[in-house]
Amino acid sequence: MSRSEPTFIGEVQSVSGGVVSIKLRENLGSSLILVDGESYRIGQIGAFFRIPLGYNHLYAICTQVGAAAAPVNTLLEAEGNNNRWISVTLFGEALGGHFERGVSQYPTVGDEVHLVTVDDLKTIYGSIENTASISVGNIAASSGIVAKLDLGKIVTRHCAIVGSTGSGKSNLTAVLLEAISQQGFPAARVLVIDPHGEYGSTIQNNGYVFKISPDEGESPLYVPFWALPFDELMGVTLGEMSPNNVTSVRDEITARKRESAKVLSNPLEADLISADSPIPFNLKKLWFDFDDYERVTLKDKTPTKEDLIEIGDFNTLKSNIYPPHSTTNNAPFQGPRRNISRALEILKSRLRDSSFDFLFSPGPDYSPDEDGKTLKDLDALVATWVGHDRPITVLDVSGLPSEITSTIVGTLLRIVYDTLFWSGKLPISGKKQPLLMVLEEAHLFLPEGSETAAHRTITKIAKEGRKYGVGLLIVTQRPSEIDSTSLSQCGTMIALRMNNGADRTKVSSAMPDDLGNLAAMLPSLRTGEGLVIGEAMPIPSRILFNRAKNKPIGGDPDLAATWKVTDRPDPKFYTEAVENWRTQSTKTKT
């Protein structure tokens, strides 16, 4: 390359780490340049430049234009020429036609700077051809170049999709799911946490949907209560109690799990079992025995229980009834108390609440009998979620009671992650068959400064998951509310249109490759267009993503097609809607 080439646009004037200030050549009369019949506009935010260094070529992306791009303390020229500056950030280099991320050397003052042509882009983007790539759209700067993402880097280095409402997040997520399932990855494992029931309609025959109240073709979602750690189980069942009572409950649950462990297909040693161990036990029987302890009256002070007036039944949550204790110093005497009657009433209410059946009555296979024995164990449950013959699993948690959604999602992810973690070198381990966890509306489960079950599990996966073949795809419209540590662990950032300043600041600070300045262009992106930065693309790229073949339910309605019709829906459908609300089901009856 030489300064006589039409691609030559200026010289390096300042280098500060990966940021390079470029002074445009004086005889550059127009910002529009023709090269081999193609027009290129200089000074576009996000445009690419090449800095030749012998056989090596450094590549950079434009992040700032005009006088503000000049180096600090630079004495600007006459007023008419003080805006001939651009600032770029280095992101990769090519040697012998082979492109790699990162740079092995830096430019110096006076080095030439050239435009990157379409042929250069094809060479750069071609570097992803031989990897596990998926096609998701077209490069916005050159519609003839297909945009491909390195699927391996998305899974092993984590990824975040951020953007305002209506910017195309759900569509992009659906496009990624379609690409994974239809572009040559039949043994893929993708687990989608779907809090709004959007994706069941998008996966078609490429996966299975598990739902609290399943529709036709869907499976019931069960989360056995006995798989919850002790603290989470207490929060869902008995609530807050005194430390002494918490200890009593913990000891009792531990004892019952140790008894239940004796009937497991592979019995465990008692010393290995704690209240947190995912071992079945009968929760109704636990309630019954604690309730009986609160109600018992005594014939004498030795003590001997009074005869029952009415025999209870733990299966129907019917209490034993004893003669009331005397208010004087005569029989029947009041028995010992823990004074947890209120907590037991809460537990009884939860056990009777049909909206908690997925947890406390998890079908005939996972509901423990009186001795804590179940027909199937956690291995079968995890196998139904991620061990089937299709690449995608959607866990639709839209029907969960809002007060325990975070706890249940955290438990779901922990069950799967811990199973893969302890798989070691087995063929189902994440190392042998990686798993991608997609977390929609991640700000609901991963808020900054939170200490929920979901937060603990997700942050653990974000920090450690790649070591064990478990990837995380975070999707959110409120990145300003999300945990900073988890967001910073994402090696790839896909940012769609974003108008909120706080959200852009958070995204800017989390962007890899020191490209935070590019966040300033996010408000001007078109719907369905995004800026991809990080390891999944060879260079930072502005991509116009494809439209999903099967539109997610969360997409915008076609207002013109629905409001211009003359006939309104029959009012009888409101009756059906209320019935669906009460039964927590959307099955169509008419």
Q | Of the DSSP H helices in the chain, those whose Cα atoms cover at least 15 Å axially and whose Kyte score averages -1.0 or more | A | 169-182, 341-352, 405-421, 453-464
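Want the number for residue 342 to residue 390: 0.36 nm per residue separation, take away the alpha-carbon distance, what's left? Mind dumping the intermediate values first?
Numbers: separation 48, 0.36 × 48 = 17.28 nm, distance 4.64 nm.
Gain on stretching residue 342 to residue 390: 12.6 nm.
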(Q) Quick check: net charge around residue 272, other residues with Cβ under 11 Å of its Cβ, Lys/Arg +1 and Asp/Glu -1? (A) 0
Q. Using the per-residue mean of other Cβ atoms lying within 10 Å as a proxy for protection, in what order, highest first, do the peptides 495-504, 258-267 fall?
A. 495-504, 258-267
Q) To the nearest 0.05, what FRET efficiency results for residue 182 and residue 122 with a Förster distance of 22 Å applied to their C-beta separation? A) 0.35
Q) Using a 1.4 Å probe, how large is the accessible area of residue 365, given in Å² and rounded to the nearest 10? A) 50 Å²
Q: Averaging sequence separations of C-alpha pairs under 8 Å and six or more residues apart, then dividing by the length of segment 183-317, give the relative contact order as a whole percent.
A: 16 percent
Q) Taking a ≥ b ≥ c as the square roots of the eigenvalues of the Cα gyration tensor of segment 387-529, is the shape rounded (a/c under 1.5), prolate (a/b larger than b/c) or oblate? A) prolate
Q) Under a point spin-label approximation (7 Å from Cα along Cα-to-Cβ), what is the residue 135-residue 263 distance to one decimal in nm? A) 5.7 nm
Q | Relative contact order of segment 452-578, defined on C-alpha pairs under 8 angstrom at six or more residues apart (%) | A | 17 percent
Q: Please report how far the C-alpha centroid of segment 4-66 lies from that of segment 400-449, rounded to the nearest whole angstrom.
A: 45 Å
Q | Rg/Rg_ref, segment 354-415, where Rg_ref = 2.2 N^0.38 Å and atoms are Cα | A | 1.22
Q: Give the accessible area for residue 252 in Å² (nearest 10); use a 1.4 Å probe, count only protein heavy atoms, and leave out ligands, DNA and RNA.
A: 60 Å²
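To the nearest 0.05, how large is the calculated FRET efficiency for residue 4 and residue 526 if R₀ is 41 Å and r is the Cβ-Cβ distance?
About 0.65, to the nearest 0.05.
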Q. Where the centre of each part is set by its Cα atoms, how far does segment 485-507 sit from segment 198-253, in angstrom?
A. 30 Å
Q: Note down the relative contact order for segment 464-525 as a percent, whole number, built from C-alpha pairs under 8 angstrom at least six residues apart.
A: 31 percent
Q. In units of 2.2 N^0.38 Å, what is the alpha-carbon radius of gyration of segment 253-382?
A. 1.25
Q | Sequence of 226, 422 from largest to smallest accessible area, 1.4 Å probe | A | 422, 226
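In the P(r) worked out for segment 141-191, what percent of Cα pairs fall beyond 14 Å? Mind showing how you got there, number by number?
Details: 813 of 1275 pairs.
Everything past 14 Å amounts to 64 percent.
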Q: Could you tell me which GluC sites (Glu not before Pro) in segment 326-409 are loop residues by DSSP with no more than 12 other beta carbons within 10 angstrom of their beta carbon?
A: 370
Q: Sequence neighbours fewer than 8 away in the same chain don't count; with that in mind, list the lysines whose C-alpha is under 20 Å from residue 373.
A: 257, 262, 284, 285
Q.
Quick check for you: which residues of segment 104-126 have the amide N under 20 Å from the point 7 Å beyond the Cα of residue 15 toward its beta carbon?
A. 104-116
Q.
Can you tell me the mean projection area, over all orientations, of the convex hull of segment 98-206's alpha carbons? Units nm², please.
A. 10.0 nm²
Q: At 0.36 nm per residue, minus the direct Cα-Cα distance, what do residue 32 and residue 204 gain on full extension? Give it in nm, one decimal, please.
A: 57.2 nm
Q) Using a 1.4 Å probe, how large is the accessible area of residue 196, given in Å² and rounded to the nearest 10? A) 100 Å²
Q. Taking the Cβ of residue 352 as the center, what net charge do the other residues with Cβ under 11 Å away carry, scoring Lys and Arg +1 and Asp and Glu -1?
A. 0
Q. Around residue 206, with a cut-off of 12 angstrom between Cβ atoms, what is the net charge of the other residues, counting Lys and Arg +1 and Asp and Glu -1?
A. 0
Q. Within the accessible area of the chain, what % is carbon and sulfur when the probe is 1.4 Å and the other protein chains stay in place?
A. 50 percent
**Q.** Stokes-Einstein translational diffusion, the chain - Kirkwood Rh over all Cα pairs, 1.567 mPa s, 4 °C, in µm²/s
**A.** 47 µm²/s
Q. Say each of residue 354 and residue 328 gets a label point 7 Å from the Cα, pointing the same way as Cα to Cβ; how far apart are those two points in nm?
A. 5.1 nm
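The values are calculated or read from the model by the stated rules, or taken from the named source; none is laboratory data. Every value quoted in this text rests on a predicted model; they were computed, and no experiment measured them. Every residue, glycine among them, receives a Cβ derived from its backbone with ideal geometry; neighbour counts consider all protein chains shown. Please note that ligands, DNA and RNA were not included when accessible areas were found on the heavy atoms of the full protein model with its side chains. Shrake-Rupley method; radii C 1.70, N 1.55, O 1.52, S 1.80 Å.
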